[in-house]
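Down below is the structure, laid out as structure tokens.
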Amino acid sequence: MTARAWADTVPIEPYLLVIFGATGDLTRRKLLPSYYRLLRRRNFADVGKVLGVATRDLTDAEYRKLATEALVNAGIDGDEAARWCEEHLAYQPVAAGFGALAERIREIEGDGGLVGNRVFYLALPPTVFGDTVEGLGSVGLHRSSGWTRLVVEKPFGRDLESAKRLNGLIHRWFDESQIFRIDHYLGKETVQNLLAFRFANTLFESVWNRDRVEAVQITVAESLGIEGRAAYFEKAGIIRDIVQNHALQVLSLVAMEAPVRLEASSIRDEKVKVLRAIYPLAADRVVRGRYTRGRIDDVTVSGYLEEEGVAADSTTETYAALRFEIDNWRWKGVPFVVRAGKRLPRKLTQVAVSFHEPPVCLFDTDEACQVHANVLYITLQPDEGFDLAFDVKQPGEGFVLRTRTLHFRYADVFGELPGAYETLLADILCGDQTLFVRADEVEEAWRILAPVLDLPEAPEDYPAGSWGPPSADRLTGGSGWLVP
Ligand SMILES: NC(=O)c1ccc[n+]([C@@H]2O[C@H](COP(=O)([O-])OP(=O)(O)OC[C@H]3O[C@@H](n4cnc5c(N)ncnc54)[C@H](OP(=O)(O)O)[C@@H]3O)[C@@H](O)[C@H]2O)c1
């Protein structure tokens, strides 16, 4: 049974969801609306309460008002939202201390007839992850008479050392079976579908290896810039922000062996084996870029160095192309090239798998062989779907080849897909860890990227609205970037 089927059909036990960072951007824009939609999908057959925790000194009523506004902004009816918030939400300022928090939790559980099942969701600035976990542990909130789960948002550390430290600190109080590290990409239907595509269909499995695959390219492109988040992005850069988590998670799902069973530990075992088979990246396997002023959708946008809060001598990259090699029997010698960037021409997350060209070319012209490699494009967002490119003979005299594609689009068949946070919240409440990142996965990803995290050189310029610095093309081994 897949994680999604599990989440939709299994009744959720009574619980208390404690959200640290209850007034923040993530909670208001994503968590509360997704949680509400999840409950609505399940006909409000919910048995849970929510306790918001943040630094400001709010009353329950003030917090309910803030939460109602967040739900209304997400398109939910105001009366319905206000009623639900009144019945389900409470608030506790963190300044009251963890002892008072424990007391408040017991009070809500007593009043609501809850049985001690608790989720602590850390939607917090990463700088306070550690203190919050310590606070919970110090007053015994890491255990209860029911189950206790800890959800940790990304970023999980900023390098191998800090990730190990954070894992160590969390493991002092919580064991791995209680920890849900979020990479919201894993909640996307299309990312989960990589598993279905690979392991429910035998057609591709027999060609999914070094004998048939020439190269794999993974693109995670955004047309947006840093959207006023210079304070965060200056310290992160695109390698920390996107490659360490989303891109390497997608790479693992594309490259992993079939799990023994479709459950969390088997799947995560196979994903981490892929990461273990990748050597730390040499600096010559990376091209870093930084956008300059340019045009996207006919609008002129500023360069990175012109953005408010960016240092004049910044060396932060807004683009990176990286060439990974997986040193195992299936993939030895096949480049996995990842590119991720901001201010690229359009939003696109896509995996392109190109297959070898035929060993002999029967269809040559005077100048060159006309045959093109077959390419499978898996588009994870937007316009989710698959495209398989192959050559056909153009009708008429002679042999003139044309590349055409078979298409499949989710929207044509399934309509709107559920949001990633809806999926992830359901799985947290059901206790299914399949779509969450294990401690060893996080650490392996940081290990691979360690040599290229803080390179001192300024990144190469690329104009906003282009696909990044042209020098990144060399990482594709001459085939160029594949886009359908
Ligand atoms: N925003 C997104 O779209 C997004 C996407 C992916 C991941 N994330 C991750 O989610 C986390 C939160 O991001 P955000 O954008 O929501 O940040 P944010 O808007 O700055 O909100 C931070 C929240 O944390 C609260 N807070 C700060 N220190 C606290 C403490 N010691 N104890 C309890 N609450 C405390 C703040 O309370 P006050 O408001 O009362 O000060 C506020 O509610 C970060 O780890 C971020 O990387 C965010």
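Within the set of other residues whose C-beta is less than 10 Å from the C-beta of VAL371, count the net charge using Lys and Arg as +1 and Asp and Glu as -1. Net charge in that neighbourhood comes out at -3.
For the range 219-362, give the magnitude of the charge dipole about the Cα centre (Cβ charges: +1 Lys/Arg, -1 Asp/Glu; no others), in debye to the nearest 20. Walk me through the numbers on the way to the answer.
Working: 21 positive and 19 negative charges, 56 e Å.
Dipole size: approximately 260 debye.
Taking every DSSP helix (H) stretch of at least 4 residues in the chain, weighting each as -39,500 (n - 2.57) and dividing the sum by the residue count yields a mean residue ellipticity at 222 nm of -9500 deg cm²/dmol. Within the shell of other residues whose beta carbon sits under 13 angstrom from the beta carbon of PRO155, the net charge comes to +2, with Lys and Arg scored +1 and Asp and Glu -1.
Kirkwood analysis of the range 171-259, using all unique Cα-Cα pairs, places the hydrodynamic radius at 15.9 Å.
Angle of helix 264-276 to the longest C-alpha principal axis of the chain, folded into 0 to 90 degrees and rounded to 10: 50°. Number of Lys-Lys pairs in the chain with C-alpha atoms under 18 Å apart and a separation of 8 or more places or on different chains: 13.
Its alpha carbons give the range 93-146 an Rg and a Dmax of 11.6, 35 Å. Where the alpha-carbon atoms of the chain are placed on the principal axes, they occupy 83, 52, 43 Å, in descending order.
DSSP finds beta bridges in the chain, and of those with both partners inside it, around 55 percent are antiparallel. Axis of helix 78-88 versus longest Cα principal axis of the chain: the two differ by about 60°, to the nearest ten degrees. The Rg/Rh ratio of the range 3-153, with both radii computed over alpha carbons and Rh defined as the Kirkwood radius, is 0.94.
Between the listed residues GLN249, GLY237, LEU203, the Cα displaced farthest toward the positive end of the dipole of the range 158-276, a dipole computed from Cβ unit charges relative to the Cα centre, is found at GLY237. Placing +1 on each Lys and Arg Cβ and -1 on each Asp and Glu Cβ, with no other charges, gives the chain a dipole about its Cα centre of roughly 540 debye.
Summary value for the chain: 19 percent relative contact order, contacts being C-alpha pairs under 8 angstrom separated by 6+ residues.
Using every pair of distinct Cα positions in the range 323-392, the Kirkwood expression returns a hydrodynamic radius of 14.8 angstrom. The long axis of helix 420-430 is offset from the longest Cα principal axis of the chain by roughly 50 degrees. Note on SER266, SER34: ascending count of other Cβ atoms within 10 Å places them as SER266, SER34, the fewest first.
None of the figures in this text is laboratory data; all of them are computed from the coordinates on show. No experiment lies behind these values; they were computed from the predicted model shown. Cβ sites come from the backbone with ideal geometry, for glycine too, and all protein chains shown count toward neighbours.
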